[in-house]
Structures are given as C-alpha cells and as structure tokens.
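The values are calculated or read from the model by the stated rules, or taken from the named source; none is laboratory data. Keep in mind the model is a prediction, meaning the values are calculated, not measured. Heads up, the Cβs are rebuilt from the backbone with ideal geometry, glycines too, and the neighbour counts pull from every protein chain shown.
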C-alpha cells in the first residue's frame with residue numbers, strides 16, 4: 001500500500017459572467033442562466049394569433065425571431081421559431097414560406113369543413 005497522497009480529477013461547473021453582443025431585435029432571454037455558451041439564445045417579440053371562444057381567447061401559432069449564435073448546429077443565423085402542435089419549429093425563410101403555404105391550404109380545408117358543419121347542423125334542425 002502506497003503512503004503517497006492520492007489525487008482525483010473532479011469536474012466542476014464554474015459560474016462566471018459572459019458579456020455577449022445582443023442584436024437590436026432581441027427582447028431579452030427566457031432564462032438569464034445558461035450552463036454552456038451553446039445555451040445562449042436571443043429572442044425577438046412573440047407574435048401570436050388568437051381566437052375568441054366561449055372559454056375565452058386561445059393563442060396559437062406563436063412566432064418570433066430566434067438566434068442561438070453559439071449553437072451546436074453550426075449556423076449562427078437567426079431563424080423564425082414557430083410554436084405549432086406543442087413543438088417549436090426553427091425555420092429558415094424558405095421553410096417559413098413552405099409552412100405558411102401549407103397553413104393557407106389547410107385553412108381552405110377548414111373553411112370547407114365549416115360549410116359541411118353548417119349542412120350537418122341544418123339537417124339536425126339546430
């Protein structure tokens with residue numbers, strides 16, 4: 001058995017402040033704490049559609065400009081973040097246009113369903 005002092009390497013999370021450039025469109029950060037530089041995200045103002053229902057207004061399709069300048073994807077350019085179906089999509093301009101075209105087409109189908117709903121309700125005398 002050795003009488004020499006033993007050593008061990010222990011990983012420690014060191015907390016320090018990091019000064020970063022912030023784009024003019026950034027409205028702040030959802031969380032001012034980032035464990036790693038790659039966690040830093042800039043967010044612009046959120047824009048949401050809202051529909052008034054009997055239960056009150058419901059927001060949907062929330063969108064905002066977002067940038068993760070040190071992110072792991074290697075693309076420091078801003079994207080449009082869109083919350084849809086419980087997920088957040090991060091889309092470039094071409095993907096945004098494809099998304100909005102799809103939503104427009106889907107809205108046309110929903111309009112057609114409204115007409116079908118009217119016919120169903122009329123046939124039931126309501």
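How many residues are outside any helix (DSSP H, G or I) and more than 22 Å from residue 28 (Cα to Cα) when one looks only at segment 85-98? So that I can check it myself, show each step before the final result.
First, pick out the residues of segment 85-98 that are outside any helix (DSSP H, G or I): 85-92.
From what is left, the residues that are more than 22 Å from residue 28 (Cα to Cα) are 85-86.
Residues in segment 85-98 being outside any helix (DSSP H, G or I) and more than 22 Å from residue 28 (Cα to Cα): 2 in total.
Just to be sure, is residue 103 assigned to a helix (DSSP H, G or I) and either free of Cβ contacts under 8 Å to residues at least 60 places away in the same chain or within 17 Å of the chain's Cα centre (by Cα) (or both)?
yes
Among the residues of segment 60-68, is there at least one that is more than 24 Å from residue 13 (Cα to Cα) and over 11 Å from the mean Cα position of the chain (by Cα)?
Scanning segment 60-68, I find at least one residue that is more than 24 Å from residue 13 (Cα to Cα) and over 11 Å from the mean Cα position of the chain (by Cα), so the answer is yes.
For residues that are closer than 15 Å to residue 70 by Cβ and surrounded by 10 or more Cβ atoms within 10 Å (Cβ to Cβ), scanning just segment 4-34, find the one that is nearest to the chain's Cα centre (by Cα).
Step by step, filter segment 4-34, then rank; the result is 29.
Going by the conditions given, is residue 86 within 20 Å of residue 45 (Cα to Cα), without any contact (Cβ under 8 Å) to a residue 24 or more places away in the chain and loosely packed, with under 10 Cβ neighbours inside 10 Å?
yes
Matching residues to (1) at pLDDT below 95; (2) at positive phi; (3) part of a loop (DSSP other than H, G, I, E, B):
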site	(1), (2), (3)
32	yes, no, yes
50	yes, no, no
57	yes, no, no
62	no, no, no
70	yes, no, yes
74	yes, yes, yes
77	yes, no, yes
114	no, no, no
122	yes, no, no
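Say whether the condition of being out of contact with any strand residue (DSSP E or B) (no Cβ under 8 Å at 6 or more places or on another chain) and surrounded by 11 or more Cβ atoms within 10 Å (Cβ to Cβ) is met by at least one residue in segment 39-61.
Yes, segment 39-61 contains at least one residue that is out of contact with any strand residue (DSSP E or B) (no Cβ under 8 Å at 6 or more places or on another chain) and surrounded by 11 or more Cβ atoms within 10 Å (Cβ to Cβ).
Residues to consider are 72, 93; find the one that is in contact with a helix residue (DSSP H, G or I) (Cβ under 7 Å, 6 or more places away or on another chain) and either exposed (fewer than 13 other Cβ atoms within 10 Å of the Cβ) or without any contact (Cβ under 8 Å) to a residue 12 or more places away in the chain (or both). Reasoning before the result, please.
On the way: 93 fails: in contact with a helix residue (DSSP H, G or I) (Cβ under 7 Å, 6 or more places away or on another chain).
Just a single option satisfies the conditions, and that option is 72.
If you go through segment 1-30, how many residues are at pLDDT 90 or above and part of a strand (DSSP E or B)?
0
Name the residues in segment 46-69 that are touching a residue at least 24 places away in the same chain (Cβ under 8 Å) and under 18 Å from residue 23 (Cβ atoms), would you?
Passing the criteria: 65, 66, 67, 68, 69.
For segment 55-65, how many residues are out of contact with any helix residue (DSSP H, G or I) (no Cβ under 9 Å at 6 or more places or on another chain) and closer than 23 Å to residue 104 by Cβ?
7
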